[in-house]
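Since the structure comes first, as structure tokens, the remarks are kept for the end.
The values are calculated or read from the model by the stated rules, or taken from the named source; none is laboratory data. A quick note: this is a predicted structure, and the numbers were derived from the prediction, not measured. Neighbour counts run over all protein chains shown; Cβ positions are idealised from the backbone, glycine included.
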Amino acid sequence: MLVLGISGFYHDSAAALIEDGQIVAAAQEERFTRKKHDPAFPMEAVKYCLSERGITLADVDAVAFYDKPFLTFNRLLETYLTFAPKGFASFLKAMPVWLKDKLFQKTMLRDYLQELDPDFPSSKLLFAEHHLSHAASAYYASPFEKAVVLTLDGVGEWATATISIGKGRELSIEEEIHFPHSLGLLYSAFTYYLGFKVNSGEYKVMGLAPYGEPKYADIIKNNLITIKEDGSFWLDQSFFNYCTGLTMVNKKFAALFGQPVRKSEDTLDQFHMDMAASVQEVTEEIVLKIGKYAAKKYKATNLCLAGGVALNCVANGKLLRENIFKNIWVQPASGDAGGALGAAYLAYHMHFEQKRKRPQGDAMQGSYLGPAFSDEEIAKRLTKAGAVFKEMKEDALIKKAGADLSKDNVVGWFQDRMEFGPRSLGNRSILGNSKSPETQKTMNLKIKFRESFRPFAPSVLREDVNEWFDIEGDSPYMLLVADVQKSKHKALNDNQTKLQGLDKLDLPRSEIPAVTHVDHSARVQTVDGKHNPRFYALLKSFKAKTKCGVLVNTSFNVRGEPIVCTPEDAFRCFMGTHMDVLVVGNFYMAKDQQNPALLEDYSEMFELD
């Protein structure tokens, strides 16, 4: 049985295909269209998923959409009526879009699908609830036969947070919190207030938080949000504008904290860092309280996480260290893109009542679910792009790339199937020397063209993870933050310990300074020889040169650009940045051997995120 799942029309559209309960393919639309967070119908992602299996849409038993538009429309109408006459301008802007397109998404989806199959029947089109799609993406892909599932995001239909129970093929929502009370929207409100883009810059807030102190956490809890012992919460809407306005916060919010909304690209000062630290602390408190409540009430030992808030790997790491659950598994595509996979799972297991076959490990296959390219195809594409490359045997290639990295060269690393979700996990990655104090600054300013404070993640040999980080077990999806082992710390002098804010940035805090955040934490990816043997071999090669099995791993893109999908994407990015080396499949490229006429200025190529 074949089921196609789709998410779209809000942000991060995606498609996923499952066959007999197993994932065949999954990808975000942005990777093909090159439009960051593309919300359009995922036509290219759908075409890819079908081509990966070698089928047409006519061969699919059902197409499942991750959301129920009529429930969302009901929520919008009720919200506007509740707050009327406030928000009339927002109402006038939203209603034409809904009445023209979104309200009739079944017809619109059918029309798009009939471009692929003119005879596609509406009877094959199914709809799932947003948060149930999130929950399904986590539970059915997890290694657990039974689990409690926590989903937290901005809003889907009415729900903003849910607790579900999964057992066998069954999955049901047991408890939920409704809009406008939303942890995701609280975090997004602070994202907006700090001058970053909503639904894009939340991870910047998380990255900025360690530079500050949670000085405003009590003000948040005394004014903006009431948090109960079970983790449920209530937001005072008089401070927010997202229900009826065109912004996230209002003048009362800004007055509470004594500063106006920061403009994008304005200087970040200590106040902004303290604000980031404060909302991060409040978020962690809520996540921990809900976790404790769910574990106690449902006597659960296994937890699955999904929804945009599940990408807050700092909160995930603290939840893990609390030992509330024996096992925690986070869906690597936790945002709306993962809803496509969840919708497909729900159709298969709940609508068609197909039995769940628990996978060995999880079902995500390392999240390597996107397109791959043969060496023959890579050579043709690179030749057409004008690249000068050398084909190498695998052992020689890995040895050469490992040596380059040990010499502080930055390497673009493009291999096998593209990752599904927001993280690059060794197939569409830019890699650097974790031991070099210069790597973070070089990669941020000359490769990624982004803010200097943004941290980089370490990829570490699975067998070496506890040597370098205070974490036991696997973290293959870069969704858990752990501390660098104290034995690897470097002592700071009195003057250094007194530094504040971004002045802390250049301090070498450990033996792997390029991946050690200012609070000695790191967002860890463990790499084993089973799920990614070539990346594992590269880490081994680097370790042979440096006695360190840890590399800097960041996504293969620049700020504002989707992660690269094709060899041409990779070559263009390589030529538009200060990367030293590019490896695509078995082909090696050095920057100094390329045609200078192909060099581009990528620093202003994409809209800043």
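Within region 155-184, being within 16 Å of Ile290 (Cβ to Cβ) and not in a strand (DSSP E or B) holds for His181, Ser182, Leu183, Gly184.
Test Leu246 against the stated conditions and say whether it is in a loop (DSSP other than H, G, I, E, B), of a type outside the set (D, E, K, R) and either more than 27 Å from the chain's Cα centre (by Cα) or surrounded by fewer than 13 Cβ atoms within 10 Å (Cβ to Cβ) (or both). Explain how you work it out, then say what you get.
Details: in a loop (DSSP other than H, G, I, E, B): yes; of a type outside the set (D, E, K, R): yes; either more than 27 Å from the chain's Cα centre (by Cα) or surrounded by fewer than 13 Cβ atoms within 10 Å (Cβ to Cβ) (or both): yes.
So Leu246 passes the test.
Scanning region 158-178 finds no residues that are surrounded by fewer than 24 Cβ atoms within 10 Å (Cβ to Cβ) and within 16 Å of Leu311 (Cα to Cα).
Listed here are the residues, each with its yes/no results for (1) small (Gly, Ala, Ser); (2) touching a strand residue (DSSP E or B) at 6+ places or on another chain (Cβ under 8 Å); (3) over 28 Å from Ser7 (Cα atoms).
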{"site": "Lys296", "(1), (2), (3)": "no, no, yes"}
{"site": "Leu303", "(1), (2), (3)": "no, yes, no"}
{"site": "Asn327", "(1), (2), (3)": "no, yes, yes"}
{"site": "Val330", "(1), (2), (3)": "no, yes, no"}
{"site": "Ala347", "(1), (2), (3)": "yes, yes, no"}
{"site": "Asp362", "(1), (2), (3)": "no, yes, no"}
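Among the residues in region 206-229, are any touching a Pro at 6+ places or on another chain (Cβ under 6 Å) and closer than 24 Å to Thr162 by Cα? Spell out how you get there, then give the answer.
First, the residues of region 206-229 that are touching a Pro at 6+ places or on another chain (Cβ under 6 Å): 207.
Of the ones still in play, those that are also closer than 24 Å to Thr162 by Cα are none.
Checking region 206-229: not a single residue is touching a Pro at 6+ places or on another chain (Cβ under 6 Å) and closer than 24 Å to Thr162 by Cα.
Among the residues of region 473-485, which ones are more than 14 Å from Trp329 (Cα to Cα) and not in a strand (DSSP E or B)?
Of the residues in region 473-485, the ones more than 14 Å from Trp329 (Cα to Cα) are 482-485.
The one that is more than 14 Å from Trp329 (Cα to Cα) and not in a strand (DSSP E or B): Gln485.
Taking region 336-377 as the range and being surrounded by fewer than 24 Cβ atoms within 10 Å (Cβ to Cβ) and part of a helix (DSSP H, G or I) as the test, the residues that pass are His349, Met350, His351, Gln365, Gly366, Asp375, Glu376, Glu377. Within region 523-532, is there a residue that is in a helix (DSSP H, G or I), in contact (Cβ under 8 Å) with a residue 12 or more places away in the chain and of a type outside the set (Asp, Glu)? Scanning region 523-532 turns up no residue that is in a helix (DSSP H, G or I), in contact (Cβ under 8 Å) with a residue 12 or more places away in the chain and of a type outside the set (Asp, Glu). Which ones in region 486-511 are in a loop (DSSP other than H, G, I, E, B), more than 16 Å from Lys441 (Cα to Cα) and among the basic types (Lys, Arg)? Correct list: Lys490, Lys498. Among residues of region 342-355 that are within 11 Å of Glu170 (Cα to Cα), those with a beta-carbon under 6 Å from a residue that is surrounded by fewer than 19 Cβ atoms within 10 Å (Cβ to Cβ) and of a type in the set (Lys, Arg) at least six positions away or on a different chain give the pairs His349/Arg169; Lys355/Arg169. Would you mind stating whether Asp218 is in a loop (DSSP other than H, G, I, E, B) and out of contact with any strand residue (DSSP E or B) (no Cβ under 8 Å at 6 or more places or on another chain)? So Asp218 fails the test. Taken together, Tyr602, Tyr536, Tyr588 contain a single residue that is in contact (Cβ under 8 Å) with a residue 60 or more places away in the chain and in contact with a Cys (Cβ under 8 Å, 6 or more places away or on another chain), which is Tyr602. Of all residues in region 440-481, those satisfying the criterion of being under 22 Å from Glu607 (Cα atoms) and aromatic (Phe, Trp, Tyr) are Phe449, Phe453, Phe456.
Residues Ser424, Ser436: which one is touching a residue at least 24 places away in the same chain (Cβ under 8 Å), of a type in the set (S, T, N, Q), touching a helix residue (DSSP H, G or I) at 6+ places or on another chain (Cβ under 7 Å) and assigned to a loop (DSSP other than H, G, I, E, B)?
Answer to the check: Ser436.
For Val460, the stated conditions hold: it is in the same structural domain as Lys545 (by TED's automatic domain parsing), over 28 Å from Ser13 (Cβ atoms), at pLDDT 95 or above and not in a helix (DSSP H, G or I).
One line per residue, one yes/no per condition, for (1) modelled with pLDDT under 95; (2) among the β-branched types (Val, Ile, Thr); (3) touching a Gly at 6+ places or on another chain (Cβ under 8 Å):
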| site | (1), (2), (3) |
| --- | --- |
| Val261 | no, yes, yes |
| Glu265 | yes, no, yes |
| Ala276 | no, no, yes |
| Val279 | no, yes, no |
| Lys289 | no, no, yes |
| Cys304 | no, no, yes |
| Gly308 | yes, no, yes |
| Leu311 | yes, no, yes |
| Trp329 | no, no, no |
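Between Gly258, Gly291, the distinction of being without any contact (Cβ under 8 Å) to a residue 40 or more places away in the chain and more than 24 Å from Arg454 (Cα to Cα) belongs to Gly258 only. The residue that is nearest to Ser13 (Cα to Cα), among those in region 195-211 that are over 18 Å from the mean Cα position of the chain (by Cα) and surrounded by fewer than 23 Cβ atoms within 10 Å (Cβ to Cβ), is Gly195.
In region 1-66, which strands (runs of 3 or more DSSP E) lie fully inside it and hold 2 or more residues that are touching a helix residue (DSSP H, G or I) at 6+ places or on another chain (Cβ under 9 Å) and over 13 Å from Ala347 (Cα atoms)? Reasoning before the result, please.
On the way: elements: 2-7, 14-19, 22-28, 62-65.
Ranges flagged: 14-19, 22-28.
When Tyr112 is tested against (1) outside any helix (DSSP H, G or I); (2) in the same structural domain as Tyr10 (by TED's automatic domain parsing); (3) not basic (Lys, Arg), just one condition goes unmet, and that condition is (1).
What number of residues within region 297-347 satisfy the criterion of being charged (D, E, K, R) and either over 19 Å from Asp230 (Cβ atoms) or outside the structural domain of Asn199 (by TED's automatic domain parsing) (or both)? Full working, then the answer.
Kept after step one, since they are charged (D, E, K, R), are these residues of region 297-347: 297, 299, 318, 321-322, 326, 336.
Okay, now just the ones that are also either over 19 Å from Asp230 (Cβ atoms) or outside the structural domain of Asn199 (by TED's automatic domain parsing) (or both), so 321, 326, 336.
So the count comes out to 3.
Answer yes or no: is there a residue in region 582-589 that is under 30 Å from Lys197 (Cβ atoms), out of contact with any Lys or Arg (no Cβ under 9 Å at 6 or more places or on another chain) and part of a strand (DSSP E or B). No: zero hits. Looking at Leu480, Leu431, just one residue is within 17 Å of Asp528 (Cβ to Cβ) and crowded, with 24+ Cβ neighbours inside 10 Å, and that residue is Leu480.
Pull up region 529-557, narrow it to residues that are of a type in the set (D, E, K, R) and within 14 Å of Ala396 (Cα to Cα), then point me to the one that is surrounded by the fewest Cβ atoms within 10 Å (Cβ to Cβ). Let's see the steps before the verdict.
Here is the first cut: in region 529-557, the ones of a type in the set (D, E, K, R) are 530, 534, 540, 543, 545, 547.
Filter once more, keeping what is within 14 Å of Ala396 (Cα to Cα): 534, 540.
Numbers: Arg534: 20, Lys540: 16.
By that ranking, first place goes to Lys540.
For (1) touching a Gly at 6+ places or on another chain (Cβ under 6 Å); (2) surrounded by 24 or more Cβ atoms within 10 Å (Cβ to Cβ); (3) of a type outside the set (Asp, Glu), each residue gets a yes or a no:
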{"position": "His11", "(1), (2), (3)": "no, no, yes"}
{"position": "Ala16", "(1), (2), (3)": "yes, yes, yes"}
{"position": "Ala27", "(1), (2), (3)": "yes, yes, yes"}
{"position": "Asp61", "(1), (2), (3)": "no, no, no"}
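When the test is whether a residue is small (Gly, Ala, Ser), over 19 Å from Phe32 (Cα atoms) and crowded, with 23+ Cβ neighbours inside 10 Å, Gly421 does not pass it.
Of all residues in region 117-150, those that are surrounded by fewer than 18 Cβ atoms within 10 Å (Cβ to Cβ) and small (Gly, Ala, Ser) total 2.
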